[in-house]
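Reviewing the structure listed below.
The values are calculated or read from the model by the stated rules, or taken from the named source; none is laboratory data. This is a predicted model, so every value here is computed, not measured. All Cβ positions, even for glycine, are placed from backbone atoms using ideal geometry, and neighbour counts span all protein chains on display.
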Amino acid sequence: MKAFDYAIASNESGALAALERGYRPKASGIDLLDLLKERTAAPDSLVSIADIATLKGIREEDGGIAIGALATLEETGAHAGIRKHFHALAEAAAEAATPQIRARATVGGNICQRPRCWYFRSADFNCLKKGGPTCYAVEGENSFHAVFGNGPCHITHPSNIAPALVAFGAEIVTVAPEDGGRTIRAADFFMLPEDGGIMKENVLKKDELVTEIRLPAAVAGQKSGYVELREKQSFDWPLVSCVAAFNGTKWTIVLGHVAPTPWRAKGSESLLGKAAAITPEIAEKAAAASDRGAKPMSQNAWRLKLVRAAVRRALLLADGKEID
Amino acid sequence: MPDNNVAIENALPRVDVRQKVVGSAKYAADQYRPNMVFAKFVRFPYGRGKAVSANVEKARRVPGVLEVDVRIDDYQEMPGGRIGHIVAESEAAIEDAIEALDLKFEHERPLTDANLEKQYNGPKPTGNHEAIRAKFKDAAVVVEALYQTQVQTHSCLEPHGSMVDHRGDEVEAWASTQDVTGYHDGLKGRVGNVPGSKVVVHSDYVGGGFGSKFGLRAEGSLAAQIATKYKRPCRVVLDRDEEHLDAGNRPGSIQYMQLAADKNGRILGGKVHCVSVVGFQRGGGGVNNPVGGLYKWGDIEKSEDEITLNFSIPRAFRAPGWPQGVFAVEGMMDELAAALGMDPVEFRQKNETSPRRARQLQTGAELVGWSERKPDGAWPGRVKRGYGVAGALWPKWPTPCEAECRIARDGTVEVRSGVQDIGTGTFTVVTDVACKALGLDRSLVSGLVGKSFYPPGPGSGGSVVSRSLVPAVREACANALKQMVAIVAAEWKVAAADVEYADGVFHSKSTGRKVPWKSVCGVMKDSVLVAHGKWERGWAGESDGSSDCVQFAVVDVDTETGIVRVRKIVAVHSAGEYVNRKTAENQICGGVTQGISYALFENRIQDRQTGAMVNADFLNYKIAGPVDIPDIVPVLDQDDSDTGVRSLGEPATVPTSGAIGNAIANALGVRVRSLPITPEKILAALEPKGASA
Ligand SMILES: Cc1cc2nc3c(=O)[nH]c(=O)nc-3n(C[C@H](O)[C@H](O)[C@H](O)COP(=O)(O)OP(=O)(O)OC[C@H]3O[C@@H](n4cnc5c(N)ncnc54)[C@H](O)[C@@H]3O)c2cc1C
Ligand code: SF4
């Protein structure tokens, strides 16, 4: 780990002042410290935002729910309002990682965590994402890499909660020194490599801080289901996940851990149309359409079968049906 | 005579459980001495090639750096190859120096995967059984298959490390070793002219070794070299990446088998070709396909070969060679049984070499609910349940061991032996055996191991420690008691034969006088009474030295996703006499856990382009976690013929992957013959039949 200066901010303006001077934000540091230890990141200075009171907690307001950037995965998974109205988000938070990690991991840090690509994480490879000449995954070991997306970087987005945020139309609220900050639709927050997201995975500027995640007011008939499929049942990221959310009029199906961003399964969505009730047959058909547009790599087409299974099950769960 | 009942009645916790839980147990990696320096190897990261440039001057100028030594153009054939070292006042300075070195490498395309490189040129299944049928006229069935196993790294929780303190005329070392005596032998030649008697090695607590912590090793040599040069304590502790790369692995295997059986279920024989997939040089632990033992194999023609890859050399790993071999052999047993239309347990019973295992097959089948097992692939629904079984045996390797019993005037007892506790519970074993032998409880007795100045004992390999140590401890205690009896007899002026001792009280048969343990200790002439004990080959208790076991697995396999959940493992083990229930059951549960991890998860993955290991950590190198571990039922199997302590540590991990492999095949109706059994392989196996929902 490279030596760095360390500051602790007690409020948002303190944090912003530090960010302006080039400090990088640290929430609980679970991902950040790993990156520092591996020297994948080697910032000169860090500012801890962990003590900023205004970033903590979960509030119900204006019919919606505001999740502070420092709220933990555990709090998010256990929150009664989220469990009731945004069930898939609660499940995604509650099933991530391990109990110890969920007790510390913040939602801000979770959506900003860097990808798990083993070439990116290893100091021995200077790949595209680090400014190098090539993506090693293409000709190398890509069993766990993206099955959707055009490259040229083939990471999968590692956040458990990101697909749910996209599916529920959540907004990410930021503050920044220059323009004061903005409100970004979750769907616009995550960035594909082809849209400029090679060296980073989201639209945040270097001196911009996520302050909260806003969920819209729930509507009548809203329902959702979450499924994640894991090789190991803990201490690992899922192989594939899926959020199926019905907003009273239509379904949104968002896949996780299969593309550089949360990935809309548009094939499945169009097949479902406006069908509110899910029968096993409809779920099966929608699942079969989930791989539309897939671009598996040399070793990872097998994960498309998991995508199918996840879509089928998430739909059934969302509609309160048994998974046979 | 060993007492069969003691052991099994003793379910006290480990003597050091508190130290381990609160963190007061100090491992080698916990040793920080005043004035200490740190040393670390500089390593080549890729499969083959060399460093072509290094900015050594810049690295030397990093504050706190004492020494930088890098070999340019030194051709390496493994990721993690050692091309030099750095010595500094802190670990941070070492890291900065490595950065400052700005190493540049040249590397060539390496050999990283036996399948990829198509190096296997042995037999493959062809379906042509003419030759074998010609040889075995009674053959009713012939089965033929190719099995494969992956490379598993040792992944000890405590990394390899040494702290050597050279004080000019004496040397003290703290080592994470599974062989205190061997480490001492290695160290004493490497510390200048300090005599061996002035070299002391401590190995008080060790966080696992599994076969990878024998001898001084490279870390110990470097620590000794630097400590000797600077006359300062030097610490060398590997990080997790180095652990995976250069601290041991279980070689992979490819095993071709073709076997015939007659219509009554008797195996007639066949052909076996075993290939070990090793590093750039061969090392310990190549595949041991146990045809010849385990079952009655008939007439087997066996050949062996090796495939070398660009990786570090393998080392012995908990039951070297056995898990690989048993996975294949037990798979074949089920394939033969299926071809004959026979129940796998019944088929094994017909070919069993050991009456003990025959009994265990029955016990285990009852405990696991074998009667619930359905024909292969016949479990209804998407999630299919499967049952599987596999067995193992473990030979004996008689190994000399010495122990010393020291009784102090205050009545306390220390029993010492120069073996080590690598997490196995050896402190507890010594303590409990001595307590029983001396008729005292743990408040007075301490069993001590892990120091080079204790009487020599074997390294922790071949599961020999407890079996060699227990008789030595008993003899030392018996000899000590003789001396105590002599003291009492002299005091009472009676013959020694008149004095009896039991449960802390000496008693004269003729006069009826009694005196408690502590009072006798109080009148000892010397401040410490010392008695020795030694065990060697041929000791009376060595009647039947081998261990046997059978494990049953219950799995649920999701046919839509290929995800396996192991639900239950029933592990029936006979290891003779058990000293302490908790440590014995721990060995079994630990072995099973490691076996599950081997069966489903662990796998070294090298980048085919460069040879770097892409999963050299604990996030991408998958190891079974708490949620992946099922209900494990350890059964300490014992009968009247079971005398003496036998081996338990290694056999416990041998059959698990075979039992799981068979359970998965039973669930699915198709077989995955390659470890680890991942969702990807299961989905591929289900593909041709379209069995997935
Ligand atoms: C063994 C293991 C298993 C795991 N499994 C899962 C899993 O299954 N699913 C899953 O989703 N995650 C998983 N994780 C990842 C874990 O959830 C994340 O590392 C964690 O959520 C990060 O939160 P943090 O508060 O520690 O962030 P930090 O490490 O402090 O920060 C992470 C990144 O976000 C930036 N950042 C943090 N907060 C803000 C903010 N408010 N504004 C702008 N930038 C910010 C930081 O600069 C840094 O780059 C796992 C981690 C481990 C170690
Ligand atoms: S997938 Fe992205 S992060 Fe991984 S090697 Fe390719 S460019 Fe680098």
Within segment B:142-156, is even one residue charged (D, E, K, R) and within 30 Å of B:K263 (Cβ to Cβ)? yes
Which residue, of A:A244, A:A314, A:A276, A:A283, is small (G, A, S), at pLDDT 95 or above and over 21 Å from A:A186 (Cβ atoms)? A:A283
Are any of the residues in segment A:256-263 in a strand (DSSP E or B) and either buried (at least 24 other Cβ atoms within 10 Å of the Cβ) or within 12 Å of another protein chain (Cβ to nearest Cβ) (or both)? yes
How many residues are surrounded by 15 or more Cβ atoms within 10 Å (Cβ to Cβ) and either hydrophobic (A, V, I, L, M, F, W, C) or within 14 Å of chain B (Cβ to nearest Cβ) (or both) when one looks only at segment A:55-84? 11
Go through segment B:612-641 residue by residue and tally those that are assigned to a loop (DSSP other than H, G, I, E, B) and either in contact with a Leu (Cβ under 8 Å, 6 or more places away or on another chain) or away from every other protein chain (no Cβ under 13 Å) (or both). 6
Within segment A:305-324, how many residues turn out to be surrounded by fewer than 17 Cβ atoms within 10 Å (Cβ to Cβ) and either of a type in the set (A, V, I, L, M, F, W, C) or more than 10 Å from chain B (Cβ to nearest Cβ) (or both)? 3
Unmet requirement for B:A612, which otherwise passes all of (1) surrounded by 20 or more Cβ atoms within 10 Å (Cβ to Cβ); (2) without any contact (Cβ under 8 Å) to a residue 60 or more places away in the chain; (3) of a type outside the set (D, E, K, R): (2)
Top-ranked residue of segment A:23-54 - restricted to ones that are away from chain B (no Cβ under 14 Å) and in contact with an Asp or Glu (Cβ under 7 Å, 6 or more places away or on another chain), ranked as farthest from ligand 2 (Cβ to nearest atom): A:T54
Residue pairs qualifying under the 6 Å Cβ cut-off, at least six apart or on distinct chains, with the first in segment A:301-324 being within 15 Å of A:L229 (Cβ to Cβ) and the second being modelled with pLDDT under 95 and not basic (K, R), are A:R313/A:I323; A:L316/A:I323
Condition first: outside any loop (DSSP other than H, G, I, E, B) and either under 15 Å from the mean Cα position of the chain (by Cα) or within 11 Å of ligand 1 (Cβ to nearest atom) (or both). Can you find one or more residues in segment A:80-87 that meet it? no
Looking at this structure, is A:R21 basic (K, R) and within 9 Å of ligand 1 (Cβ to nearest atom)? no
Here's a check for you: in segment A:111-164, which residue that is among the hydroxyl-bearing types (S, T, Y) and within 15 Å of the chain's Cα centre (by Cα) is farthest from ligand 2 (Cβ to nearest atom)? A:S159
Matching entry among B:I660, B:I588 (being away from chain A (no Cβ under 14 Å) and either out of contact with any strand residue (DSSP E or B) (no Cβ under 7 Å at 6 or more places or on another chain) or under 30 Å from B:E144 (Cβ atoms) (or both)): B:I660
Among the residues of segment B:584-594, the number that are more than 18 Å from B:P323 (Cβ to Cβ) and surrounded by 24 or more Cβ atoms within 10 Å (Cβ to Cβ) is 1
Can you tell me which residue among B:K525, B:K482 is at pLDDT below 95 and under 15 Å from B:R406 (Cα atoms)? B:K525
Single residue of segment A:111-121 satisfying the filter (under 23 Å from A:K26 (Cα atoms) and surrounded by 24 or more Cβ atoms within 10 Å (Cβ to Cβ)) that is farthest from the other protein chains (Cβ to nearest Cβ): A:I111
Report, by residue number, each residue of segment A:147-161 that is crowded, with 24+ Cβ neighbours inside 10 Å and within 16 Å of ligand 1 (Cβ to nearest atom). A:I155, A:T156, A:H157, A:S159, A:N160, A:I161
Number of the exception - A:G131 against (1) modelled with pLDDT of 95 or more; (2) within 14 Å of chain B (Cβ to nearest Cβ); (3) surrounded by fewer than 17 Cβ atoms within 10 Å (Cβ to Cβ); (4) farther than 30 Å from A:A244 by Cα: (2)
Every residue in segment A:182-210 that is buried (at least 22 other Cβ atoms within 10 Å of the Cβ) and within 12 Å of ligand 1 (Cβ to nearest atom), please. A:F189, A:E201, A:L209, A:V210
Taking the residues in segment B:162-183 that are surrounded by fewer than 24 Cβ atoms within 10 Å (Cβ to Cβ) and touching a strand residue (DSSP E or B) at 6+ places or on another chain (Cβ under 6 Å) as candidates, determine which candidate is modelled with the lowest pLDDT. B:T181
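Matching residues to (1) within 16 Å of ligand 2 (Cβ to nearest atom); (2) at pLDDT 95 or above; (3) out of contact with any helix residue (DSSP H, G or I) (no Cβ under 6 Å at 6 or more places or on another chain):
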position	(1), (2), (3)
A:G169	no, yes, yes
A:A176	no, yes, yes
A:K200	yes, yes, yes
A:E212	no, yes, yes
A:A220	no, no, yes
A:Y226	no, yes, no
A:R230	no, yes, yes
Answer from A:A220, A:A277, A:A245 - the residue that is under 16 Å from A:R312 (Cα atoms), assigned to a loop (DSSP other than H, G, I, E, B) and away from chain B (no Cβ under 14 Å): A:A277
Which condition does B:D165 not pass, out of (1) touching a Pro at 6+ places or on another chain (Cβ under 7 Å); (2) in a strand (DSSP E or B); (3) assigned by TED's automatic domain parsing to the domain that holds B:V52, if it passes all the others? (3)
The one condition B:T363 fails out of (1) assigned by TED's automatic domain parsing to the domain that holds B:G576; (2) crowded, with 19+ Cβ neighbours inside 10 Å is (2)
Which residues, counting only those in segment A:98-110, are over 15 Å from the mean Cα position of the chain (by Cα) and away from chain B (no Cβ under 12 Å)? A:A103, A:R104
